[in-house]
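Reviewing the structure listed below.
The values are calculated or read from the model by the stated rules, or taken from the named source; none is laboratory data. No experiment lies behind these values; they were computed from the predicted model shown. Because the Cβ atoms are built from the backbone with ideal geometry, glycine has one as well, and the counts that use them run over all protein chains shown. Heads up: the accessible areas ignore ligands, DNA and RNA and are worked out on the full protein's heavy atoms, side chains in. Shrake-Rupley method; radii C 1.70, N 1.55, O 1.52, S 1.80 Å.
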Amino acid sequence: MANILVFAHQQGDFLTPGGKEALAFGSRVASSIGGEVRAVLLGTTSEQSAKEAIACGASIAYNVQNPLLAEYNVELYVNCLYDVFQQTNADMMVVSFDRMGKDLVGRLAARLHVSAITEVVDFKTNDEKLTWIRPIYGEKAFGEYETTRLKAVVGIRQKSQDITEFTENHIGEIIPFEYTVSKEEIVTKLVVKIQAALSDIRLEDARIIVSGGRGLGGPEGFSELQTLANLLGGTVGASRAACDAGWVPSNLQVGQTGAVVAPDLYIAVGISGASQHLAGITSAKTVVAINTDAEAPIFKRANIGLVADYMTVIPALTEKLKKVLV
Amino acid sequence: MHIVVCLKHVLDPEITPRNFEINPVTYRPNVSDSDMVLDSFAENALELAIQLRDKTPGATVTALCLGNEDSEEILRRALAFTANAAVRVWEEEWEDLDGQAVGHILARTIKKLGGAELVLTGYQASDIEEGLVGPIMAEELEIPCVTLVSELELDGDRVKASCEAEGGYSVVSVPSPAVCTIISAESNVPRLLKVKDIRLARSKPITVLESEDLDLDSERSQPGARLVKAYVQNTEVNCEVLPGNDGDELAGKLADKLVALKIL
Ligand SMILES: Cc1cc2nc3c(=O)[nH]c(=O)nc-3n(C[C@H](O)[C@H](O)[C@H](O)COP(=O)(O)OP(=O)(O)OC[C@H]3O[C@@H](n4cnc5c(N)ncnc54)[C@H](O)[C@@H]3O)c2cc1C
Ligand SMILES: Nc1ncnc2c1ncn2[C@@H]1O[C@H](COP(=O)(O)O)[C@@H](O)[C@H]1O
């Protein structure tokens with residue numbers, strides 16, 4: 001039976017979204033090939049998040065309690081996860097390929113002499129042989145990969161897993177894992193951490209997003225979008241072209257290299273719909289596109305399309321909705 | 001101070017989906033030479049490398065690419081950026097390598113070149129987006145790795161890097177030598193090349209190395225993952241294009257629709 005070790009990252013007393021996604025993915029693999037999910041938690045917390053990991057499908061939660069692990073440090077985390085992998089004789093490690101995963105997956109796989117595969121969204125089984133499915137070429141295609149070594153570290157693409165279903169009554173055991181950490185291991189020293197000015201609503205959590213692209217022609221267009229977004233109780237996003245032009249700050253970027261969003265309504269204004277942009281809105285429920293070019297690829301993703309100059313539509317739309325909504 | 005920047009030759013990420021096909025036999029995209037470009041984050045890394053060199057007396061930049069002869073195009077580009085040297089490593093049987101194998105081979109190449117105080121890569125190549133080469137090289141060379149770096153500063157024998165962090169950014173400091181994987185930022189927008197530099201780059205030498213020049217580990221130069229199938233997935237949605245003569249009419253229709261669908 002495969003022993004699937006999942007890095008269940010926690011913050012405060014809760015699992016992070018990445019931690020939950022990794023558990024969800026690990027559990028799916030386990031039930032498909034007949035395996036057991038074991039979670040590893042690092043830091044200093046109550047048993048709250050270990051219990052959560054069990055509810056998410058782990059039958060064992062290894063709790064590595066150490067104050068030095070409370071703050072993320074790449075060397076300490078790699079060393080510790082390496083140790084847990086070896087000592088528990090894991091067959092595979094599942095890690096969210098989030099900010100931290102991007103540090104961890106390659107290093108762990110190289111040190112363990114096992115395969116690494118990243119940005120995985122799904123898998124297939126064929127006679128117990130697993131193939132990993134991931135987007136390639138800026139989401140224009142999908143590739144299926146076989147790992148060539150017996151064991152592997154698997155990095156899961158952010159926001160690719162359904163994490164809604166887990167059961168409180170799943171049973172498992174919390175096992176304290178002894179691990180001695182020394183400050184000497186720290187090579188990467190944190191100088192300062194700067195929290196970005198928090199806009200009212202995080203793009204990732206927004207229910208409604210009005211996004212603008214190069215087609216807005218300048219920063220002024222964004223204030224029109226902001227007015228509309230405020231009215232709808234939503235927030236403003238942007239394409240990379242608009243961010244690169246300096247019209248809006250880069251933390252508003254939606255897409256493969258920006259925020260991956262899942263709103264109920266996504267209004268794309270003056271955005272052509274490059275695959276890298278669409279990669280950020282695959283989970284958007286309803287997409288509205290406003291674009292002067294009827295041939296723009298965004299119309300192949302949008303549910304509702306308006307072939308029009310945004311300057312004639314957006315102010316009128318705001319006025320109309322004011323009447324309906326207020 | 002020797003800075004090595006690793007450059008990958010990739011399919012142009014901006015290629016329109018209409019012109020994008022996966023060959024059903026080879027599972028590779030059907031491409032012509034003109035569709036290949038320098039990976040965009042690697043180009044940001046190159047720009048940063050040149051800027052650092054120009055600020056640091058005695059520093060040099062070597063552009064390094066694992067790729068076939070066609071990829072010399074991007075090394076020429078690096079030379080036109082005024083990189084001091086260009087190195088290409090290649091073997092016919094390296095056609096299907098992944099980031100793990102590439103990371104191993106590039107790390108051994110850097111050793112062969114006498115090492116480097118700073119190794120820069122893009123954070124994820126825009127074709128397969130593995131995001132592995134930087135961290136793997138760091139592990140191979142047993143040096144630190146900072147990922148998702150937007151700005152770099154040399155600070156004596158340490159490197160100070162600003163990198164993306166959850167909900168903002170961090171500044172970290174690591175001892176040199178180190179690997180940094182670079183993201184795009186205002187400060188590393190690739191420069192416009194001078195015609196003179198492009199011309200000069202044409203006649204500069206490119207050093208070509210093969211596996212026998214490197215002390216490779218036979219196992220680690222094998223890929224950890226192999227592509228067994230690839231396909232374009234049709235994700236097209238049926239779009240309802242609202243009819244209307246002017247913005248006002250369209251706006252009205254859209255408002256009604258959003259309300260009727262109970263989205264608002
Ligand atoms: C490695 C990599 C990662 C990337 N990651 C991202 C990412 O995360 N997010 C992202 O967005 N992009 C990303 N990109 C860039 C992406 O490929 C596109 O270049 C970018 O999304 C284009 O932005 P745009 O749609 O705003 O601009 P354009 O493609 O220039 O489109 C502008 C659109 O506006 C329309 N228009 C013009 N005038 C008007 C008007 N008056 N009213 C209405 N419509 C109008 C035009 O018809 C056109 O369709 C990435 C690229 C690479 C290489
Ligand atoms: N074949 C290659 N030759 C040189 N550099 C590479 C190669 N493949 C990847 N890289 C570097 O590693 C970065 C990340 O690539 P990847 O890990 O493949 O996503 C790229 O942006 C390049 O800087």
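Among the residues making up segment B:110-136, those that are more than 7 Å from chain A (Cβ to nearest Cβ), near ligand 2 (Cβ under 8 Å from one of its atoms) and not small (G, A, S) are B:L120, B:T121, B:Y123, B:Q124, B:V133. Pairs linking a residue in segment A:266-277 that is within 7 Å of ligand 1 (Cβ to nearest atom) to a residue that is assigned to a helix (DSSP H, G or I) and of a type in the set (A, V, I, L, M), with Cβ atoms under 8 Å and 6 or more positions apart or on different chains, are A:V269/A:L216; A:V269/A:L225; A:V269/A:I314; A:G270/A:L216; A:I271/A:I298; A:S272/A:I298; A:G273/A:I298. Assuming B:E140 fulfils every condition listed in (1) within 14 Å of chain A (Cβ to nearest Cβ); (2) among the charged types (D, E, K, R); (3) open to solvent by less than 20 Å² (accessible area, probe 1.4 Å) apart from one, which condition is it? Checking B:E140 against (1) within 14 Å of chain A (Cβ to nearest Cβ); (2) among the charged types (D, E, K, R); (3) open to solvent by less than 20 Å² (accessible area, probe 1.4 Å), the one that fails is (3). Counting the residues of segment B:65-79 that are within 17 Å of B:G103 (Cα to Cα) and within 16 Å of ligand 1 (Cβ to nearest atom) gives 0. Only one entry of B:I143, B:I128 meets the criterion of being within 16 Å of ligand 1 (Cβ to nearest atom) and in contact with a strand residue (DSSP E or B) (Cβ under 6 Å, 6 or more places away or on another chain), and that entry is B:I128.
Inclusion of B:E117 among residues that are away from ligand 1 (no atom under 16 Å from the Cβ) and free of Cβ contacts under 8 Å to residues at least 40 places away in the same chain is not warranted. Any residue at all in segment A:269-285 that's closer than 17 Å to B:L242 by Cβ and facing another protein chain (nearest Cβ under 8 Å)? Taking every residue of segment A:269-285 in turn, none turns out to be closer than 17 Å to B:L242 by Cβ and facing another protein chain (nearest Cβ under 8 Å). Of the strands (runs of 3 or more DSSP E) that lie entirely inside segment B:150-259, those containing 1 or more residues that are within 25 Å of A:N251 (Cβ to Cβ) span B:158-165, B:168-175, B:178-182.
The residues in segment B:95-115 that are open to solvent by less than 20 Å² (accessible area, probe 1.4 Å) and either in a helix (DSSP H, G or I) or under 14 Å from B:S218 (Cα atoms) (or both) can be counted, and the count is 10. Are there any pairs, at least 6 apart or on different chains, whose C-beta atoms fall under 7 Å, with the first in segment A:307-325 and touching a residue at least 12 places away in the same chain (Cβ under 8 Å) and under 23 Å from A:G217 (Cβ atoms) and the second polar (S, T, N, Q) and part of a helix (DSSP H, G or I), and if so, which? Between residues of segment A:307-325 that are touching a residue at least 12 places away in the same chain (Cβ under 8 Å) and under 23 Å from A:G217 (Cβ atoms) and residues that are polar (S, T, N, Q) and part of a helix (DSSP H, G or I), the close pairs are A:T318/A:T227.
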